Every structure is written in structure tokens, then in C-alpha cells.
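Structure first, commentary second.
Bear in mind that the values in this text are calculations on the coordinates, not laboratory data. Just so we're clear, the structure is a prediction, and the values are computed from it rather than from any experiment. Here the Cβ positions follow ideal geometry from the backbone for every residue, glycine too, while neighbour counts run over all protein chains shown.
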Amino acid sequence: MKTPKRLEPLVQNGLVDEVLRQLMSGKEAVVYVVRCGDDVRCAKVYKEANQRSFKQNAAYQEGRKVRGSRDARAMEKGSRYGRKMAEEVWQTAEVDALHRLAAAGVRVPTPYNCFEGVLLMELVTDAAGHAAPRLNDVVLSHSVALAYHAMLIKQVVLMLCAGVIHGDLSEYNILVDADGPVIIDLPQAVDAAGNNSAFSMLERDVGNLATYFGQFAPELLNTDYAFEIWSHYEKGELHPDVVLTGRARRSEKKADVRGLMREIDSVKEEELNRRRFQLEED
């Protein structure tokens, strides 16, 4: 096929020898099958921000590192330079997450290179060597649904052990190769320790899995793996071989808001008195 304009720099720089075909077009990128020497890989071409249906919500950007305070201020202001930097951070997030997760043993495509807004990575294939289908396109039996769900919960645990939460995990961004589910599409991945919405994102990811697989194995609809996993994580007890039951006891005790506010006021008063004393001493 004719080389798309966004892939021309990769061809010119010898990173891609030939564009074979378009594989898919999603809400954030267009993916092509390409030949790199003797290897067949895929090239993910990120769409411009104004063409994406998945927006760079502030909740996903929280906790992400930028090169300096100038870049951070520009991104907050939304200047032309700031938008350019935000776009680079958005694209780099997926590359960083893929490297981080692959090293942790998570089943994700192997990343090879990122150049001019194009990510070159492994082409995930099925047993016949064809491009692997999405989970949504696979017919599952009860037993296979249970097995795949267990495998993906294991992947979620491995991801969190590496400090990463997918943030948009569903049947649409999971491929199925000869050995089972492979997780894809990670530009919105968040750092669990640096994002205030981390648990709610984990809960949504795990809930999406329960809802989808619950069509084939209804017993999964009554599980609560997210809270159980997060409880282990908060206690520093989460590890790749943790034994999970899918049952967790959530506290129904109402938060003591008034008590909390009294504590905050007390701390503020102590700090104010400390500063006054320091000024008197000076």
C-alpha cells in the first residue's frame, strides 16, 4: 500500500522498510502492519489531540513527570508550546508503561521504538500467525471465561506491583493470542502512587472485566477483586503471587467528617502558633 504521510519519516530513516496494510483505527490511533527487515511489526500512529475521542482528562495526567517547571506551567496554561508538550507526555506515557510492564512480566506487546509520534512494537498474533483478535470478538465458553478472567486479574496485580494502573481496561483493548489475553493501549496509564484517582480507576478496570466475563460466567458479577487488591497494595502486602478470593469486606462505617475537620483545624492552629513563636524569637 502507499506509505501514509505520518510513516514516511520512519521509512526515510530506515526504521520501516514497507507498510503492508492498515490493521485498525481506534479512538486514539491508527495501527498499521509494517515490515522491518525480516520482522513484521505494527506501527501505532497517534492521532492529533483534536481528532481523538479519548480526551487527555486531568485525572490521567495527574502525577505524570515532565522535564521541568517551565513545561509544567505551559501545559497548565494550555499554550501552543504547552499543548505540544502535553502531546509528547501523552505518547511517551505508553512507551514508558510498556517497557515498565514488560520488565515486570505483564503480557503486553514488546515496544521497539517511538519516532515522530509513531510507536513501533510487536505485532501480537494468534496460533495461525494472523493478527490476534480483540477479546470482544472472541466467543468464550464458561470455563475459558473463568480462565481468562483469572489471567487478567493476575495481570492487574502484576501491573500494580509495578506501580501502574491501566485506566481504560476493557474487552476492546485486550487481544487474545495463542496463550491468552494480551493487554494493549496504555497512553492513559497512571502511576498508582502519584494519582488521587488511582483506586477508582483500578476499580473501574476490574469492574469492566467482571461485567464482560460475567456474561459467560455470571458468578464473576458478585466478586470484588479491586478492593481486595487495593487493600493489599495499601498495606504494602501486594506481590505477584498474592492469593485472592474475590471477596472483600468493605467498611460501612461513616466517615467522621467533623472529627477530621477538628484535626485539620488543630494542626493549622499549631502551625500558626509555631510561626508566631518563631517570629517573636527572631
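Can you tell me the dipole magnitude for region 1-52 around its Cα centre, using point charges on the Cβ only (Lys, Arg +1; Asp, Glu -1), in Debye to the nearest 20?
300 debye
Show the residues, 5+ positions off or on another chain, whose built amide H is closer than 5 Å to the amide H of L23.
V31, Y32, V33
Ranked highest first by the average count of other Cβ atoms within 10 Å around their residues, in what order do 31-43, 129-141 fall?
In decreasing order of mean packing, 31-43, 129-141 become 31-43, 129-141.
Please list, in order along region 200-206, the HN-Hα scalar couplings obtained from phi with the Karplus expression 6.51 cos²θ - 1.76 cosθ + 1.60 (θ = phi - 60°), rounded to whole Hz, x for Gly and Pro.
Taking θ as phi minus 60°, the curve returns 5, 5, 4, 4, 5, 4, 5 Hz for region 200-206.
Under 12 Å from a point 7 Å along the Cα-to-Cβ line of N13: which residues of region 93-136 have their amide N that close?
Label zone hits: 113-120.
What is the set of long-range amide H partners of T110 at a cut-off below 5 Å, with H atoms built 1.01 Å from backbone N?
Residues meeting the amide H criterion: E122.
Note the full-extension length gain between V40 and L20 as 0.36 nm times their separation in residues minus their Cα-Cα distance, in nm to one decimal.
Full-extension gain reported as 6.3 nm.
Amide H to amide H under 5 Å from V164: which residues, 5+ apart in sequence or cross-chain, H placed 1.01 Å off N in plane?
Those qualifying (amide H under 5 Å, at least 5 residues apart or on another chain) are A192.
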